[in-house]
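The values are calculated or read from the model by the stated rules, or taken from the named source; none is laboratory data. What you see is a predicted model, and the numbers here were worked out from it, not measured in a lab. Counting neighbours? That spans all protein chains shown, and the Cβs are built from the backbone with ideal geometry, glycine included.
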Ligand SMILES: Nc1ncnc2c1ncn2[C@@H]1O[C@H](COP(=O)(O)OP(=O)(O)O)[C@@H](O)[C@H]1O
Ligand SMILES: [Mg+2]
């Protein structure tokens, strides 16, 4: 791990039955940057995030976060380890309010004091109030002011994608992992997510952005890693990657018209 990286992955591998989903993968993420992982469906992007957040245990390799070895850390610990994430398929508690969904993130962050919560001590009441205030602030930060008092099940899909980002931010992560944050959004909503990611990065957040949408990646990323069948096909600035022969052949060759358009531009 070089002194300048906040996240360093080396020799990571994960096999499902006979399928090598992640194959000897190494890369590093510099702090306060947006680092994109792109690749076609099935390339191993979500598996990579699952390995980074302890949902899967790697067969081999190492994950270092801010100099600490977090390889295979159990799921209940990754939240406090400094990685916040959103999911490709929304993981929202629909029977709760939007605000409570964000507060779940905060509660994962703070150690729960069982005795204090049984006794409802003044300190606990104060901390709940502070927690609620910071959850509201996070909802404001991701542009959800209109939904402060809403139930999660009344919110449109685009707002729910933002709600997940707010909940991940509530963990005060050192690195924010976003799994296809623009998937299923229309073009306007996708551009808004794009702007939000940029704002977060400008505010000093390190973002690992997993995307299928080439256009979003080109506009917001400092560096891009192209994943193909679990291995690194190319890595560089968006411009470098977009003119890489192997990328054009292997990834863009099968991409949709919109993605191809970006490269032509
Ligand atoms: N839990 C699992 N069990 C078996 N195979 C899996 C599992 N998760 C992912 N895979 C397989 O690993 C490969 C990579 O999947 P995934 O990481 O979801 O790709 P991506 O997110 O890039 O679309 C695919 O072939 C997928 O079918
Ligand atoms: Mg995926």
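Condition first: within 16 Å of ligand 2 (Cβ to nearest atom), closer than 21 Å to residue 171 by Cβ, at pLDDT below 90 and assigned to a loop (DSSP other than H, G, I, E, B). Can you find one or more residues in region 75-88 that meet it?
Of region 75-88, the ones within 16 Å of ligand 2 (Cβ to nearest atom) are 85-88.
In the following step, the residues that additionally are closer than 21 Å to residue 171 by Cβ were identified as 85-88.
This time we only want the ones that are at pLDDT below 90, so: 88.
Then keep just the ones that are assigned to a loop (DSSP other than H, G, I, E, B); that gives 88.
Scanning region 75-88 turns up at least one residue that is within 16 Å of ligand 2 (Cβ to nearest atom), closer than 21 Å to residue 171 by Cβ, at pLDDT below 90 and assigned to a loop (DSSP other than H, G, I, E, B).
Could you please find all residues in region 56-74 being outside any loop (DSSP other than H, G, I, E, B), in contact with a strand residue (DSSP E or B) (Cβ under 6 Å, 6 or more places away or on another chain) and surrounded by fewer than 17 Cβ atoms within 10 Å (Cβ to Cβ)?
Filtering region 56-74 for residues outside any loop (DSSP other than H, G, I, E, B) gives 60-65, 68-69.
Remaining after also requiring in contact with a strand residue (DSSP E or B) (Cβ under 6 Å, 6 or more places away or on another chain): 60-65.
60, 62, listed by residue number.
With the structure loaded, tell me whether residue 152 is in contact (Cβ under 8 Å) with a residue 40 or more places away in the chain and either under 14 Å from the mean Cα position of the chain (by Cα) or closer than 17 Å to residue 205 by Cα (or both) or whether it fails that test.
Values: in contact (Cβ under 8 Å) with a residue 40 or more places away in the chain: yes; either under 14 Å from the mean Cα position of the chain (by Cα) or closer than 17 Å to residue 205 by Cα (or both): no.
No; evaluated as a whole, the condition is false for this residue.
Of all residues being within 21 Å of residue 205 (Cβ to Cβ) and part of a strand (DSSP E or B) in region 25-55, which is farthest from ligand 1 (Cβ to nearest atom)? Just the residue, please.
28
Determine if region 17-24 includes at least one residue that is surrounded by fewer than 16 Cβ atoms within 10 Å (Cβ to Cβ), within 16 Å of ligand 2 (Cβ to nearest atom) and either at pLDDT 95 or above or closer than 19 Å to residue 228 by Cβ (or both).
Scanning region 17-24, I find at least one residue that is surrounded by fewer than 16 Cβ atoms within 10 Å (Cβ to Cβ), within 16 Å of ligand 2 (Cβ to nearest atom) and either at pLDDT 95 or above or closer than 19 Å to residue 228 by Cβ (or both), so the answer is yes.
I'd like to know if region 68-89 contains one or more residues that are within 19 Å of the chain's Cα centre (by Cα), away from ligand 1 (no atom under 15 Å from the Cβ) and under 29 Å from residue 215 (Cβ atoms).
Yes: one or more hits.
Only one of (1) surrounded by fewer than 16 Cβ atoms within 10 Å (Cβ to Cβ); (2) within 13 Å of ligand 2 (Cβ to nearest atom); (3) within 16 Å of the chain's Cα centre (by Cα); (4) within 25 Å of residue 238 (Cβ to Cβ) fails for residue 32. Which number is that?
(2)
For region 166-186, which positions are within 16 Å of ligand 1 (Cβ to nearest atom) and either part of a helix (DSSP H, G or I) or under 11 Å from the mean Cα position of the chain (by Cα) (or both)? Before you say what the answer is, go through the steps one by one.
Filtering region 166-186 down to residues within 16 Å of ligand 1 (Cβ to nearest atom) leaves 177-184.
Hits for region 166-186 are 177, 178, 179, 180, 181.
Here is a list: 44, 39, 72. Which entry is within 16 Å of ligand 2 (Cβ to nearest atom), at pLDDT below 95 and more than 29 Å from residue 153 (Cα to Cα)?
39
Would you pick out the residues in region 1-24 that are in contact with a strand residue (DSSP E or B) (Cβ under 9 Å, 6 or more places away or on another chain), farther than 25 Å from residue 213 by Cβ and either near ligand 1 (Cβ under 8 Å from one of its atoms) or not in a loop (DSSP other than H, G, I, E, B) (or both)?
Filtering region 1-24 down to residues in contact with a strand residue (DSSP E or B) (Cβ under 9 Å, 6 or more places away or on another chain) leaves 1-2, 4-15, 20-24.
Then drop every residue that is not farther than 25 Å from residue 213 by Cβ, which leaves 1-2, 4-5, 8, 10-11, 13, 15, 20, 24.
Matches in region 1-24: 8, 10, 11, 13, 15, 20, 24.
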